[in-house]
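Working notes for the structure below.
What follows draws every value from the coordinates through simple rules; no lab data is involved. Given the structure is predicted, the values throughout are model-derived calculations rather than measurements. Here the Cβ is made from the backbone with ideal geometry for all residues, glycine too, and neighbour counts use every protein chain on show.
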Amino acid sequence: MKVRTVARREAILEVASQVFLEFGFKSASMTEIVRRIGGSKSTIYGYYPSKEALFQAVTTAAGEKQIQTAFDELAAPNATDPVEAVLAKFGEKLAVFLCRADMMATHRMVLAEAGHSNVGELFYEAGPKRGVSNMSAYFRRVMDGGLLRNDDPTVAALQFFALLQAEIQLRWYYQAPPALSDEQIKDIAQRAVATFWRAYAAQPVNSGHEKSHGEDPCSATSDPGPSDPSESQQLP
């Protein structure tokens, strides 16, 4: 029995990623992956028992390679770093990751096929769900420390990601959107954090009054900004 090596596994994931993006999940075949990497089907199946398992491994590997470091920083942040600063730094890194050409292609592929197979579920379980769990753990910690308004940390994580993607997701609908500058990426992250902060900032203990249930925490301070985020990004 051949010894499975890290290099061989990485080679399989790299080729598989290319095949999935080129053909889509449904049309991608283990045969094509074997043809490109060489060897036999038994070799690949020795690492991954099915195409579904291989796709999840590709998704997980992409996250670990490109964005896991940012999540690791959330797990053990410097105690002196303000939450806003931590979120802004993390938001910039995540925005860069989501704007990568291969990530946009992956999201397009998943969205196109999610209604016809379980590829959407596979992708979510291997990637975004893990990110939500990591973000939720961070929010739980800072909420317990009184640094954020106490609420459901998982909902807070979902809402933070949604705010960050609000100005990015529309780019997936264009064939070749122009690249964002570092300054644009930074601005996207800062706007997301500012909106999130207006909703979740910890209230002073003796604030004098409390907002009634259901009152919009952004109503008095939010800046409406451009009605269409694509205007500021000069999309075609």
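Could you tell me which of rounded, prolate or oblate describes segment 1-55, using a ≥ b ≥ c as the square roots of the eigenvalues of the alpha-carbon gyration tensor, with rounded for a/c under 1.5 and, failing that, prolate when a/b is larger than b/c and oblate otherwise? Could you put the intermediate results ahead of the total?
Values: a/c = 1.82, a/b = 1.69, b/c = 1.08.
Taking the square roots of the gyration eigenvalues as a ≥ b ≥ c, segment 1-55 is prolate.
Given the pairs Lys89/Lys129; Lys51/Lys93; Lys41/Lys93; Lys51/Lys186, which are separated by over 28 angstrom at their Cα positions?
Lys51/Lys93; Lys41/Lys93; Lys51/Lys186
With no solvent and one equal point scatterer placed on each C-alpha of segment 123-202, evaluate the Debye formula and give log10 I(q)/I(0) for q = 0.16 Å⁻¹, two decimals.
-0.70
If amide H atoms are built 1.01 Å from N in the plane of the peptide, which residues on other chains or at least 5 residues away come under 5 Å of the amide H of Glu167?
When sequence neighbours closer than 5 places are left aside, there are no close amide H contacts.
Net charge near Ala189, counting Lys/Arg +1 and Asp/Glu -1 over other residues with Cβ under 12 Å of its Cβ?
Result for the neighbourhood of Ala189: -2.
As a footprinting exposure proxy, order Val193, Val142 by other Cβ within 10 Å, with the fewest listed first.
Val142, Val193
If you rank Thr59, Thr195, Thr5, Thr43 by fewest surrounding Cβ atoms within 10 Å, what's the result?
Exposure proxy ranking, most exposed first: Thr5, Thr43, Thr195, Thr59.
Select from Met30, Gly91, Gly120 the residue farthest towards the positive end of the dipole of segment 1-142; place +1 on Cβ of Lys and Arg, -1 on Cβ of Asp and Glu, and compute about the Cα centre.
In segment 1-142, that residue is Met30.
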